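Read the structure below first, then the notes.
The values are calculated or read from the model by the stated rules, or taken from the named source; none is laboratory data. As the structure is a prediction and not an experimental result, all values here were calculated from the model. Note that each Cβ is placed from the backbone with ideal geometry, even for glycine, and that neighbours are counted across all protein chains shown.
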Amino acid sequence: MNIHEYQAKELLAKFGVPVPAGFAALSVEEAVEASKKLPGPLYVVKAQIHAGGRGKGKFKELPAEAKGGVRLAKTEDEVHHAATEMLGNTLVTIQTGDAGKQVNRLYVTDGVDIAKEFYLALLVDRATGRVAFVVSTEGGMDIETVAHDTPEKIHTFAVDPATGFQPHHGRAVAKALGLTGDLAKQAHSLAGKVYDAFLGTDAAQIEINPLAVTDDNKLMVLDAKVGFDSNALFRHKDLMELRDETEEDPAELEASKYDLAYIKLDGDIGCMVNGAGLAMATMDIIKLNGMFPANFLDVGGGATKEKVTAAFKIILGDPNVKGILVNIFGGIMRCDIIADGIVAAAKEVNLSVPLVVRLEGTNVEKGKEILANSGLAIVPANDLGDAAQKIVAEVKKAA
């Protein structure tokens with residue numbers, strides 16, 4: 001689960017991380033009122049969407065020369081103008097794709113004179129099973145370019161969970177940023193507090209870009225992106241309240257209601273599989289046979305008929321889907337339950353695309369019998385390779 005920048009900063013501030021004063025706004029009037037609460041004379045008005053690259057983004061509804069989703073303002077009138085242009089319009093950035101995202105919230109913060117920008121992130125390093133620091137002297141909007149062109153400017157080190165954050169970790173951050181004296185002490189303190197925030201919230205990622213040195217020689221977080229491990233959110237009811245469902249893909253949001261792992265992709269073959277590894281293998285073999293998966297969808301090991309029906313509807317809700325491949329290996333999951341769900345969903349939505357089903361495991365013969373007697377044009381498959389070849393052939397035949 002991701003949250004907005006203003007929520008991320010409020011969360012980090014609770015752990016003692018220095019951030020500029022700022023207020024969220026849902027209307028132009030609230031944005032102006034927010035500026036009145038700040039000392040000024042410089043304000044920053046930021047579009048709040050779950051995507052990076054806002055500063056270089058463009059609004060679909062505005063002229064090409066219009067400024068992006070991060071604006072500097074020196075007066076309340078300029079705040080009013082920026083808020084009027086942003087709210088309700090669609091911001092397109094390098095991370096949103098051409099569709100963009102509608103701006104429904106703003107964040108008005110106190111302006112800061114920046115002497116130097118850095119990059120600091122914490123994430124889970126799957127290779128080591130540890131929390132890793134990623135640090136660079138090249139902060140700012142073009143960090144992706146830095147990672148691609150000059151990777152030597154990005155420094156990474158992991159923290160042993162047995163010992164936790166230690167003084168040498170703070171010194172490593174300061175050294176990587178080239179800081180000495182009081183700024184090095186500030187970097188040590190800030191890194192420790194961000195680490196505490198990471199562990200304390202079961203975060204999956206905390207990205208600070210930029211981490212800035214102000215003209216009065218203070219380290220301050222000017223932008224932050226925080227994402228959480230969804231599997232741990234049951235421990236953080238307060239964090240669940242920060243969820244903004246308007247920022248999520250409607251299909252993925254619907255899937256979460258049924259505890260389905262669903263991610264929309266750009267292909268044309270819908271997939272319904274149980275088990276993440278099997279789902280990945282299914283997507284790979286579809287591509288190997290010349291077409292592309294339209295989604296990742298794992299129904300899990302204990303799916304009910306209702307859950308399978310919901311999964312089927314979500315797949316068919318994608319207009320790009322030209323065929324569906326169901327690949328189930330029934331261990332805990334019974335094949336007859338899957339078959340009942342497939343038949344119920346197909347009848348309810350008036351299935352009009354080819355459907356290939358491969359079942360194996362518990363109650364497999366009963367499951368195949370249910371499909372065969374359904375009266376639906378379901379193509380059975382014997383194994384994964386056979387299933388992939390058949391769905392590709394069926395889609396091409398129907399085209």
Worksheet item: Got at least one residue in the range 53-66 being among the small types (Gly, Ala, Ser) and within 18 Å of the chain's Cα centre (by Cα)?
Response: yes
Worksheet item: Of all the residues that make up the range 103-128, how many are surrounded by fewer than 15 Cβ atoms within 10 Å (Cβ to Cβ) and in contact (Cβ under 8 Å) with a residue 12 or more places away in the chain?
Response: 3
Fill in: The one condition in (1) part of a loop (DSSP other than H, G, I, E, B); (2) modelled with pLDDT of 90 or more that Ile285 fails to fulfil
(1)
Worksheet, complete the sentence: Of the conditions (1) at pLDDT below 95; (2) surrounded by fewer than 13 Cβ atoms within 10 Å (Cβ to Cβ); (3) farther than 27 Å from Arg235 by Cα, the single one that Glu138 does not satisfy is (2)
Worksheet item: Among the candidates Asp125, Asp160, Asp98, Asp113, which residue alone is charged (D, E, K, R) and closer than 21 Å to Val226 by Cα?
Response: Asp125
Worksheet item: Can you tell me which of Asn327, Asn350 is assigned by TED's automatic domain parsing to the domain that holds Lys264, in a loop (DSSP other than H, G, I, E, B) and not charged (D, E, K, R)?
Response: Asn350
Item to complete: Identify, from the list Ala64, Ala83, the residue that is over 28 Å from Asp196 (Cβ atoms), out of contact with any Cys (no Cβ under 9 Å at 6 or more places or on another chain), surrounded by 19 or more Cβ atoms within 10 Å (Cβ to Cβ) and among the small types (Gly, Ala, Ser).
Response: Ala83
Worksheet item: Under the condition of being under 22 Å from Ala294 (Cα atoms) and in a helix (DSSP H, G or I), which residue from the range 353-385 is nearest to the chain's Cα centre (by Cα)?
Response: Leu384
Practice prompt. Quick one: count up the residues across the range 1-35 that are within 22 Å of the chain's Cα centre (by Cα), in a helix (DSSP H, G or I) and in contact (Cβ under 8 Å) with a residue 12 or more places away in the chain.
Written response: 7
Worksheet item: Residues of the range 280-297 being surrounded by 14 or more Cβ atoms within 10 Å (Cβ to Cβ) and touching a residue at least 24 places away in the same chain (Cβ under 8 Å), which ones?
Response: Ala281, Thr282, Ile285, Ile286, Asn289, Met291, Pro293, Ala294, Asn295, Phe296, Leu297
Worksheet item: From the set of residues in the range 253-273 that are touching a Phe, Trp or Tyr at 6+ places or on another chain (Cβ under 9 Å) and free of Cβ contacts under 8 Å to residues at least 40 places away in the same chain, which is nearest to Phe292 (Cα to Cα)?
Response: Leu265
Discussion item. Looking only at the range 84-100, how many residues end up being out of contact with any strand residue (DSSP E or B) (no Cβ under 6 Å at 6 or more places or on another chain) and of a type outside the set (S, T, N, Q)?
Written reply: 7
Item to complete: Those residues that are closer than 18 Å to Val44 by Cα, over 21 Å from the mean Cα position of the chain (by Cα) and in a strand (DSSP E or B), I need them from the range 89-143; list them, please.
Response: Val108, Thr109, Asp110, Ile114, Ala115, Lys116, Glu117
Fill in: Flag if Val159 is touching a residue at least 24 places away in the same chain (Cβ under 8 Å), among the β-branched types (Val, Ile, Thr), closer than 30 Å to Asp238 by Cβ and surrounded by 13 or more Cβ atoms within 10 Å (Cβ to Cβ)
yes
Worksheet item: modelled with pLDDT under 90 and crowded, with 18+ Cβ neighbours inside 10 Å: does that describe Gly100?
Response: no
Worksheet entry | Unmet criterion (only one of (1) over 20 Å from Glu248 (Cα atoms); (2) buried (at least 22 other Cβ atoms within 10 Å of the Cβ); (3) in contact with an Asp or Glu (Cβ under 8 Å, 6 or more places away or on another chain); (4) basic (Lys, Arg)) for Lys36 | (2)
Worksheet item: Among the candidates Asp340, Asp318, Asp336, which residue alone is assigned by TED's automatic domain parsing to the domain that holds Ser256, in contact with a Lys or Arg (Cβ under 6 Å, 6 or more places away or on another chain), charged (D, E, K, R) and more than 19 Å from Leu384 (Cα to Cα)?
Response: Asp340
Discussion item. Condition (residue is at positive phi, under 29 Å from the mean Cα position of the chain (by Cα), assigned to a loop (DSSP other than H, G, I, E, B) and surrounded by fewer than 21 Cβ atoms within 10 Å (Cβ to Cβ)) applied to the range 299-309: is it met by at least one residue?
Written reply: yes
Worksheet, complete the sentence: Taking the range 133-157 and keeping residues among the aliphatic types (A, V, I, L, M) and under 20 Å from Lys185 (Cα atoms) leaves Val134, Val135
